[in-house]
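Inspection log for the structure reproduced underneath, given as structure tokens.
The values are calculated or read from the model by the stated rules, or taken from the named source; none is laboratory data. The shown structure was predicted, so the numbers you read here are calculated from the model rather than taken from an experiment. As a convention, Cβ positions derive from the backbone with ideal geometry for all residues, glycine included, and neighbour counts pool all protein chains shown.
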Amino acid sequence: MIQADIQRVTERIIERSRDTRRDYLAKIRRAHRPGVSRTQLSCGNLAHGFAASDPHDKAALAVDRAANFAIVSAYNDMLSAHQPFQDYPAQIKQAARELGAVAQFAGGVPAMCDGVTQGREGMELSLFSRDTIAMGAAVALSHDMFDGVLCLGVCDKIVPGLAIAALSFGHLPCVFVPAGPMESGLPNAEKGRIRQLYAEGKVGRDELLEAESQSYHSAGTCTFYGTANSNQMLMEILGMQLPGSSFVNPGTPLRLALTRAAVTHLNQLSPLSPDFMPLGEMIDEKSIVNAIVGLLATGGSTNHTIHLVAIARAAGVLIDWQDMAELSEVVPLLCRIYPNGLADVNHFHAAGGMALLIRELLDNGLLHEDVSTIAGKGLRHYCDEPFLDKDGEVQWRSGPLASLDSEIISSCSAPFSREGGLRLMQGNLGRSVIKTSAVKPEYRVLRAPAVIFDDQNEVKARFDAGELDRDFIAVVRFQGPKANGMPELHKLTPVLGVLQDRGYKVALVTDGRMSGASGKVPAAIHLTPEALDGGPIASLRDGDMIELDAEQGILKVMDDAALARPPADYAGGHEQGMGRELFASFRRVVSSAESGASVLGV
């Protein structure tokens, strides 16, 4: 039985989405035609579509009895998380042939790494890359040759972009195929300690690079629980990825078997199957609520307060930060994964992982069980975990009934926190979100004077000059999507962390984003309206007293007269270089953070 508060929020979302969901379903039902898609193509169209195929695949595509699956991949060999995808197309094509189907590499999409671009000009393309990926995937699928989609992506904007595209083609079934995390390296807490020492000038660049290299050391996703691994959790709890497939390491026999099994499951969902299940019918309001619950229960990335809104809208479902905040009040925090603890995602997986987490949430009425998934009807399939049988084939068995490490995964009867640790912050400065799961209670409430920054680099400069050794709230503005693409401000974390460790009460208020690894310093982020869009934050000056109360959800400047000042001028300087000029139209039309910071109009 679903808990009453979960049901209440769900029903509100259903009612709010009534018209948009109806229109979305009508759109995808119009797009669906019986049989394989390519029968609608002329002979000339079809000949172009299989001209380069090998003889076996060409013969299969020439008739209408074999499903054809699109592979859309974010492969590149610079980024560790996506490098394993190099071999996936060949594996997928072979698995499809063995099923009597065909798979074609339909298109590649860009995959940029926020870890590489942090603090650099390229980071100002990061959020916009999500919608670029969605559009690129749409172009790949626009050939109308396909009866299903295999999406290969892992990291921050790539999975949301692929999900938006897949839902736009929601008349087709879709399976997401992950690559898995790298094996554990230097503990994340030690990496964070060395970053702070570097910020203080106590270690040099050689020591810092050595620590970073020991942490990020091989193929696979970074092992901390940031946006990339939050993506993997979400795709699994949404039922778009195979049960237990998110956190299996690359290059292992089980990883290969799961990739092949993804093709088998897609084949079972194809229009030629009696179990045909298009993605747009599968993902509904209950699925989206389950995703929010999973995010809250695991202390996942704040970036998904933006991405989940955009993904949901692509399916005609309207959610907002109020929904997330109300769910956070009743969903307990069940996981301690860095930066909310010392464990990484490999430790989480070993302690019981997704199977245990989903079982615990289902058994306590915190997830909707009656949803459709690629594994079949009902989320209970996701309480199982994969293993290899004696023939090397993947099978599923019941996952753990209790945590194998209660310091990493707890229970609803003894949670790490009675709530999910995500707050909606409101007041005369606007609306923002704050992640409190890694912030100690004694740091969650403060009143302090503002120190205003219009550029994140100013924070480090004033820190190095010794001007920030005091209590203050850093207001970093003109960082929203209209101003400069809403880059992550992760490089602020070591500086503010050092000041907090020195005994000062510090916090961050910004219309920008923080990394999915934002941690111990309270940060009211995604402030909307942003400074460049009439936001009150543009009127603040140094010394204005600000109240940040993450317990009560209050964010305000104490003197209303401060808001009567004319807004500060925007200095700009983010329009040219590193490709930023190509995204000028995005900055002009992008929606607010709470609306998904999207240019797609969905």
Applying the selection to the range 97-115, what residues are within 29 Å of the chain's Cα centre (by Cα) and either surrounded by 22 or more Cβ atoms within 10 Å (Cβ to Cβ) or outside any helix (DSSP H, G or I) (or both)?
-> Ala103, Gln104, Phe105, Ala106, Gly107, Gly108, Val109, Pro110, Ala111, Met112, Cys113, Asp114
Could you tell me whether any residue of the range 324-339 is crowded, with 22+ Cβ neighbours inside 10 Å, over 18 Å from His526 (Cα atoms), of a type in the set (Gly, Ala, Ser) and at pLDDT 95 or above?
-> no
Give the number of residues within the range 375-411 that are surrounded by 13 or more Cβ atoms within 10 Å (Cβ to Cβ), of a type in the set (Gly, Ala, Ser) and in a loop (DSSP other than H, G, I, E, B).
-> 6
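Hey, among the residues in the range 48-75 that are of a type in the set (S, T, N, Q) and modelled with pLDDT of 95 or more, which one's surrounded by the most Cβ atoms within 10 Å (Cβ to Cβ)?
Keep residues of the range 48-75 that are of a type in the set (S, T, N, Q), which gives 53, 68, 73.
Subsequent filtering for residues that are modelled with pLDDT of 95 or more retains 68, 73.
Working: Asn68: 24, Ser73: 26.
Looking at residues that are of a type in the set (S, T, N, Q) and modelled with pLDDT of 95 or more, I get Ser73.
Each row is one residue, and each column tells you yes or no for (1) touching a residue at least 40 places away in the same chain (Cβ under 8 Å); (2) basic (Lys, Arg).
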residue: Arg502; (1), (2): no, yes
residue: Gly512; (1), (2): yes, no
residue: Gly535; (1), (2): yes, no
residue: Asp542; (1), (2): yes, no
residue: Val557; (1), (2): yes, no
residue: Pro566; (1), (2): no, no
residue: Gly572; (1), (2): no, no
residue: Gln576; (1), (2): no, no
residue: Gly579; (1), (2): yes, no
Select from the range 412-459 the residues that are among the charged types (D, E, K, R) and surrounded by 17 or more Cβ atoms within 10 Å (Cβ to Cβ) and list them in ascending order.
-> Glu419, Arg423, Arg431, Lys435, Arg444, Asp454
Of the residues in the range 585-602, those that are assigned to a loop (DSSP other than H, G, I, E, B) and among the hydroxyl-bearing types (Ser, Thr, Tyr) number 3
Has the range 164-184 got any residue that is assigned to a helix (DSSP H, G or I) and not hydrophobic (A, V, I, L, M, F, W, C)?
-> yes
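Does Ala310 meet the test of being out of contact with any Pro (no Cβ under 8 Å at 6 or more places or on another chain), in a helix (DSSP H, G or I) and assigned by TED's automatic domain parsing to the domain that holds Thr223?
Working: out of contact with any Pro (no Cβ under 8 Å at 6 or more places or on another chain): no; in a helix (DSSP H, G or I): yes; assigned by TED's automatic domain parsing to the domain that holds Thr223: yes.
Here the answer is no, as Ala310 does not meet what is asked.
Collect the residues in the range 574-601 that are within 18 Å of Ser17 (Cβ to Cβ) and exposed (fewer than 11 other Cβ atoms within 10 Å of the Cβ), keeping them in residue-number order.
Kept after step one, since they are within 18 Å of Ser17 (Cβ to Cβ), are these residues of the range 574-601: 591, 594-596, 598, 600-601.
Listed by number, the list holds a single entry, Gly601.
Among the residues of the range 55-76, count how many are polar (S, T, N, Q) and in a loop (DSSP other than H, G, I, E, B).
1
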May I ask you to list the residues in the range 357-371 that are closer than 16 Å to Ala291 by Cα and not in a loop (DSSP other than H, G, I, E, B)?
-> Leu357, Ile358, Arg359, Glu360, Leu361, Leu362
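In this structure, does Ile546 turn out to be under 18 Å from Gly480 (Cα atoms), buried (at least 22 other Cβ atoms within 10 Å of the Cβ), out of contact with any helix residue (DSSP H, G or I) (no Cβ under 8 Å at 6 or more places or on another chain) and of a type outside the set (Gly, Ala, Ser)?
no
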Tally time: how many residues in the range 77-95 are part of a loop (DSSP other than H, G, I, E, B) and of a type in the set (Gly, Ala, Ser)?
-> 2
From the set of residues in the range 235-269 that are crowded, with 24+ Cβ neighbours inside 10 Å and among the hydroxyl-bearing types (Ser, Thr, Tyr), which is farthest from the chain's Cα centre (by Cα)?
-> Thr259
Filter the range 28-47 for residues that are assigned to a helix (DSSP H, G or I) and surrounded by 15 or more Cβ atoms within 10 Å (Cβ to Cβ); which is farthest from the chain's Cα centre (by Cα)?
-> Leu46
Among the candidates Ala343, Ala350, residue that is in the same structural domain as Thr259 (by TED's automatic domain parsing) and surrounded by fewer than 21 Cβ atoms within 10 Å (Cβ to Cβ) = Ala350
Single unsatisfied condition, Glu15 versus (1) among the acidic types (Asp, Glu); (2) over 26 Å from the mean Cα position of the chain (by Cα); (3) surrounded by fewer than 12 Cβ atoms within 10 Å (Cβ to Cβ) = (2)
